[in-house]
Amino acid sequence: MTAELVRGQNHPLSQSRLEIRISAGTPVAAAAALSDENGRIHGTEWVAHPGAPVQPGLEVSRQAAADHRLAVDLDAMTEAVHRVSVLLALPAPDGGAGPARFGAVAAPFVAVTGLDGTEVASYTITGLDLESAVVALELYRRQGAWKVRAVGQGYAGGLAELFADQGLSEAAQLAAGIDEAVARGLARSVQAPPPRTSEGDRSRQAAAPAVGPDHGSVPQGAPGPVPPAYGGQPSGGQGQGGPQPAYGAATDPHAASGGPVNYSHPGRQTSAPPPPAAPPARPGQPAQPVAGDATGWSMEERLYNQVWGMFEDLARTTAAYRSAVDFAESRMDKELEQALSDPRSRIGGQGDAAREAARARYSQLVDQARASLDRDVAQLVAESQVVEPALPPAFARWDNPCWHAYRVPMEIPMALRLGDLRLPEAEAIRVPMLLRLPLERGLWIDSGRTDSLDGTFTDSHDTRRLAMDTAVAHAARLLAVYPADEFTVHVVDPAGSGAQALAPLSQTGVLAGPPAQGAAGVTEVMARLIQRVDLVQMALRGGAPDALPPGFDTAQQLLIVNDFPHGFDDRAVNQLRYLVDEGPAVGVHLMLVADREESAGYGPLLDPLWRALLRLTPVPDDHLADPWVGHAWTYEPPTVPHGSEVLRQVLTKVAEARRTWNR
């Protein structure tokens, strides 16, 4: 599963022999610098470059090219090497030919792959302008394991400035030597081959972002499982503590000596109350699960943390099972190899007996691992059966009875349910996918054609319809969990193709206005939201957030865009990118319903947009990865029960509450 990294994000590496594939659209020189645990390069011999392309465990290209493949063997690195930095540089212009800065070329793309071509992580280096050299990414050693981190640090002074920043005293000489080697290579290079087809090298194709508990973050880091907690770690108590000394100068022992005064209230509780106690378990039986059996100040926080714990438990037990199966396979292979290496076992029944014994031991180990996994999954299923009915509307599925007693809340909840997550080894358990509020990143609902997990082909028309239904379900839940005056939804539907799916929103009157259609509608809505972002930013920078114009809508804003890029010109696309970058900080968010392939015509212009949004699908799909264990989780979108009117009933109550509030 590929992790599409953003600047500063890291990802674990499970393989030691790797390829680093680079696509730049223009000839670039590729190099790699080895450094110690402090990031220091000890000399020019620690740099692999076109003039000296081979170092222990490392080999780079001998010439500048638009596409590179660097070979890395992490096990062959010396103990002194703790970091491998991948460097890219534009060749020195010869007589004014060739670009002199990365801002004038397409954004370079770097992918870390296995030897079989399977992508592990990828990174598109954006935001470069005057820089002519860049540290693309680095492989680094942490606690005995290797990870990859997206860096994207550029240098306008080229390789000389880059090496000087790395503390290399011979920076200028080394940079000059690389330029000379590149010039020699360019003189004898042939024309680059045409781009590979989709059946060839796929390292440049966009991959799903790795999302996880620290994404949304994971990011945002991102985003990112995408696991249930997407906005950071669960919030808990403020520390341990009991009764405090009385406050005030008269009773504080430091007051007489001029020391600090303790203003803590003697009766205020500073630690979260304990979770509810589980009923005593029967002898030999596991403890019975209890809803809210986690730390937290409120039941909502306890349930949120409990869902987080269920996700961690499922990820951990599945990782243990996969590790046990891998060990059993490697042990069986080793035993079979030993049996076949003995010539005496090739005659008679000794070889057959050895093979049967190896397979029997393999089956025994796998059965033991499966039994442990089944035991843990059964416990999680039992916990899910008591947790699901207790979830509040923001965390609950659309078929939960709590929606029939729905009332518009007075406060914003901690998080929002976007669907479910599961793993193929544990089909019986679904873990709620929770996204922290307020939103820190927008959503991209992928309406492209796909093969569903059951092997059936999903028609493009059906996928577009399902994508818009999913977007409406997400928007309806956001409207339902916010107070009546604190969330506003705008819709851009240039071709009017989403009218049927949008009916629950438009007919109940919860939208800010009718869905905008045509290029003129797109322009009007985008201009209005851009103006809102600019006004709020100016007010915040000026330290006067209360100085906004009278009647200004201070609610969180959500823009739903259907059939992107239909109806969008280059200017509108840039405005959309601006909203994605600047909007979340001032309460403006985006939900894009689009086919990634249809949007590919914009090229690198949309790469930042694709990475900044959390990609979701309208059909179950293995595309979300967590950065903690690295599992590829199957995401299942939220679905309203067939024939149910719960969506319209909830939205009707939201509309009534808004009318009452605005009277």
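Each Cα pair under 8 Å and six or more residues apart adds its separation to the average, and for the range 384-524 the resulting relative contact order is 20 percent.
Look at the Cα gyration tensor of the range 384-521: its axes a ≥ b ≥ c give a/c of at least 1.5 with a/b at or below b/c, and that counts as oblate. Amide hydrogen proximity for W146: with H placed 1.01 Å from N in the peptide plane, the residues at 5 or more positions away or on another chain lying under 5 Å are L13.
Rounded if a/c is under 1.5, else prolate if a/b beats b/c, else oblate: with a ≥ b ≥ c from the C-alpha gyration tensor eigenvalues square-rooted, which is the range 1-59? The shape class here is oblate.
Taking 16 Å as the cut-off, no amide N atom of the range 569-586 comes nearer than this to a point 7 Å along the Cα-to-beta-carbon line of A520. Shown here for the range 402-452: trypsin sites (Lys or Arg not before Pro) in loop regions (DSSP other than H, G, I, E, B) with at most 11 other Cβ atoms within 10 Å, namely R407.
Here the accessible area is traced with a 1.4 Å probe on the protein chains. For the range 301-342, carbon and sulfur cover 51 percent of it.
Assuming R0 = 41 Å, can you tell me the calculated FRET efficiency for the pair M299 and N662, based on Cβ-Cβ distance, to the nearest 0.05? Once the sixth-power term is evaluated, E becomes 0.85.
As a calculated quantity, the FRET efficiency between L130 and A360 at R0 = 51 Å, using C-beta atoms, amounts to about 0.20. Separation of the range 139-159 and the range 561-603 by C-alpha centroid, Å? The range 139-159 and the range 561-603 have Cα centres separated by 30 Å.
A 1.4 Å probe run over the protein chains yields, for the range 445-585, 44 Å² of accessible area per residue, whole-number rounding. Loop-located trypsin sites (Lys or Arg not before Pro) in the range 61-149 (DSSP state not H, G, I, E or B) with no more than 15 neighbouring Cβ atoms inside 10 Å: R101. Taking 0.36 nm per residue of sequence separation and removing the Cα-Cα distance, the D326/L535 pair yields an extension gain of 69.6 nm. Show me the GluC sites (Glu not before Pro) within the range 1-64 that DSSP assigns to loop and that have at most 12 other Cβ atoms within 10 Å of their Cβ. Taking the range 1-64 and a limit of 12 other Cβ atoms within 10 Å, the loop GluC sites (Glu not before Pro) found are E37.
The values are calculated or read from the model by the stated rules, or taken from the named source; none is laboratory data. The structure presented is a predicted model; accordingly, all values stated were derived computationally and were not measured. Here Cβ is always computed from backbone atoms with ideal geometry, including for glycine, and neighbour counts include all displayed protein chains. Only protein heavy atoms, including side chains, enter the accessible area calculation; ligands, DNA and RNA are left aside. Shrake-Rupley method; radii C 1.70, N 1.55, O 1.52, S 1.80 Å.
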